[in-house]
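What follows is one structure encoded as structure tokens, with my remarks underneath.
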């Protein structure tokens with residue numbers, strides 16, 4: 001059973017753990033750590049994975065890599081573990097760049113950047129059985145079109161909106177300016 005460290009509204013550890021699962025509602029006014037990793041390749045494209053059709057929440061939606069931190073884990077370690085589990089990409093925790101933290105209703109969402117020096121086509125992506133069934137490397141423009149088409153769930157879209165300025169500053173304005181004439185297409189849900 002996965003356990004989370006519980007935190008107060010100021011992110012101070014409460015010294016208690018809580019089991020993951022909808023059958024275990026979190027105590028009021030408590031939070032846990034969740035991470036999102038925006039993986040960007042050398043061509044300034046972002047990795048999206050397609051959630052398995054058997055997932056309880058948002059089946060068959062495209063998303064960024066992420067998940068909950070487990071008890072005893074520091075946030076960068078959680079981001080490294082989630083990226084490795086869900087994609088097979090082994091980006092050391094110390095190479096991840098914290099883009100920002102968003103306090104959500106029951107979690108502190110730490111958003112990280114994993115910057116790869118290879119084009120997506122040269123990166124081996126290994127999907128996690130039961131979690132994801134496909135992946136795509138998309139430009140910022142493609143991703144925003146997918147958000148507007150409802151192919152990316154609202155929580156993921158909100159997290160992207162939160163880090164967009166910082167992400168664009170790091171990868172460059174030109175990354176967003178790529179057009180369909182340059183090979184941009186919007187993937188559909190399966």
Counting only residues that are outside any helix (DSSP H, G or I) and either in contact (Cβ under 8 Å) with a residue 60 or more places away in the chain or on the phi < 0 side of the Ramachandran plot (or both), how many does the stretch 68-104 have? 20
Counted residues, the stretch 126-154 - those being closer than 17 Å to residue 60 by Cβ and free of Cβ contacts under 8 Å to residues at least 40 places away in the same chain: 5
Kindly list the number of the only condition in (1) under 24 Å from residue 169 (Cα atoms); (2) part of a loop (DSSP other than H, G, I, E, B); (3) in contact with a helix residue (DSSP H, G or I) (Cβ under 7 Å, 6 or more places away or on another chain) that fails for residue 118. (3)
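Restricting attention to the stretch 128-144, and to residues there that are part of a helix (DSSP H, G or I) and crowded, with 18+ Cβ neighbours inside 10 Å, which single residue is farthest from the chain's Cα centre (by Cα)?
142
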Would you mind telling me which numbered condition in (1) in contact with a strand residue (DSSP E or B) (Cβ under 9 Å, 6 or more places away or on another chain); (2) over 30 Å from residue 135 (Cα atoms); (3) in a loop (DSSP other than H, G, I, E, B) residue 28 fails? (1)
Considering the stretch 30-49 alone, what residues qualify as being more than 12 Å from the chain's Cα centre (by Cα) and either surrounded by 16 or more Cβ atoms within 10 Å (Cβ to Cβ) or at pLDDT 95 or above (or both)? 30, 31, 32, 33, 41, 44, 45
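The values are calculated or read from the model by the stated rules, or taken from the named source; none is laboratory data. Computed from a predicted structure; not experimentally measured. As a convention, Cβ positions derive from the backbone with ideal geometry for all residues, glycine included, and neighbour counts pool all protein chains shown.
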